[in-house]
1. How much solvent-accessible surface does Thr205 expose, in Å² to the nearest 10, with a 1.4 Å probe and all protein chains in place?
2. Antiparallel DSSP bridges in the chain: what percent, to the nearest 5?
3. Looking at the chain, which Cys residues are left with no other cysteine's beta carbon under 4.7 Å from theirs?
4. Mind grabbing the accessible area of Val251 for me, 1.4 Å probe, Å², rounded to tens?
5. Filter the trypsin sites (Lys or Arg not before Pro) in segment 9-107 to those in DSSP coil with at most 10 other Cβ atoms within 10 Å of their Cβ, and list the result.
6. Summing +1 for each Lys or Arg and -1 for each Asp or Glu, what net charge is found among the other residues whose Cβ lies under 15 Å from the Cβ of Arg263?
7. List the chymotrypsin sites (Phe, Trp or Tyr not before Pro) within segment 5-100 that DSSP assigns to loop and that have no more than 14 neighbouring Cβ atoms inside 10 Å.
8. Leaving out ligands and nucleic acids, note down the accessible area per residue over the chain with a 1.4 angstrom probe, in whole Å².
Amino acid sequence: MTRGRRRQVDTSTHFCPNPDCAYRGWVGWGNLRANGHPSGGPWRQLLCIACRGYFLETLGTIFHSKRTSVELIVRVIACLAEGLGIRGTARMFEVDPNTVLQWLVKAAEQLRAFSRHVLHDVRVRQVQLDEVFALLSAVKDGEVSAAEAIERLERSPRWVWGAMDPESKLLLAIDVGSRTRAMAQRFVHHVAQVLAPDCVPLFLTDGFREYLTALLTHYGHWVQPPRRQDKGPFPKPRWMPLPQLLYAQVVKTVRRRRLVRVRHRVVFGTLEAVEQVLAACGWQINTAFVERLNLSLRQHVAAVGRRVNTLCKGEDGVRQ
Ligand SMILES: [Zn+2]
């Protein structure tokens, strides 16, 4: 806008939510004007000058249409993030556990969207991948006996999958699912989407064999093998790992809960190439950083802690 007083409030990161407005979903077009705080509330009202529609700046966030103070919501979420369970948090702030759960679900949705918006085209030199066992509570108010619950869990255990860049400690992806090839594919796909299209980092994992297929699927290309003789048809093209793909495994042997042996296995690329990437940080082949992350997860997420009574009943709960 060139007319009138200069605009003081930056509305360039908001967009008009009106489904009939031509500006819907577009940011930074200067169609929004701040309209003060309706009835003295904490949040601003915004006006779209294209469709003359009004909306609050909190639309689509956890704070929209809540009479509860922002401080309380923030403190409750912070408390959950420090590892206290939903009921514990509810008792501490004297709110209903269902309210805490609703806020958690809302915050999780928001953070997921935020993470998708911010995390893309990431360039890293290394990625460490790992899975943590997450127990689900199958005991629903005496519906299932404890023994039955354990049996069920053994058939379909849930795992929290994590991927991080050990240099910056950036958490690239986190997901919940079984420990299967399909899940490995989904998880590596998630990591590949976060990374820049031409970024092929060094991958470091444990000895779980399905990573190999998943990495080969995402970081491979067709190679035409040469003809054996001068004449005749070309052999069929083969799907091969990209020449720049480096992948090493840390295989740990545990006997009677004791670590007895650690072996390193270079799967794609050469040992020299892998060591060269790691030497930039003065490291050797390891998955220590993502394992430390798993420990942090266990301490900060009540539902994946060890020997806790704050387990989730479903996969979605763990994900949130
Ligand atoms: Zn509009």
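1. 0
2. Numbers: 34 of 43 bridges.
Just about 80 percent of them are antiparallel.
3. For the chain, the answer is Cys79, Cys199, Cys281, Cys312, because their Cβ atoms have no other cysteine Cβ under 4.7 Å.
4. Taking all protein chains as shown, Val251 has close to 20 Å².
5. On the way: sites: Arg24, Arg33, Arg44, Arg52, Lys66, Arg67, Arg75, Arg87, Arg91, Lys106; in loops: Arg44, Arg52, Lys66, Arg67.
Hits after loop and neighbour filter: Arg52, Arg67.
6. Working: positive: Arg209, Lys252, Arg255, Arg261, Arg265; negative: Asp206.
Cβ neighbours under 15 Å give a net charge of +4.
7. Numbers: sites: Phe15, Tyr23, Trp26, Trp29, Trp43, Tyr54, Phe55, Phe63, Phe93; in loops: Phe15, Tyr23, Trp26, Trp29, Trp43, Phe63.
Taking segment 5-100 and a limit of 14 other Cβ atoms within 10 Å, the loop chymotrypsin sites (Phe, Trp or Tyr not before Pro) found are Trp26, Trp29.
8. Working: 20620 Å² over 320 residues.
For the chain, the solvent-accessible area averages 64 Å² per residue.
The values are calculated or read from the model by the stated rules, or taken from the named source; none is laboratory data. Since we're looking at a predicted model, the values are computed, not measured. A quick note on method: Cβ atoms are made from the backbone with ideal geometry, for glycine too, and the neighbour counts reach across all protein chains shown. Accessible surface is based on the protein model in full, side chains and every heavy atom, while ligands, DNA and RNA are left aside. Shrake-Rupley method; radii C 1.70, N 1.55, O 1.52, S 1.80 Å.
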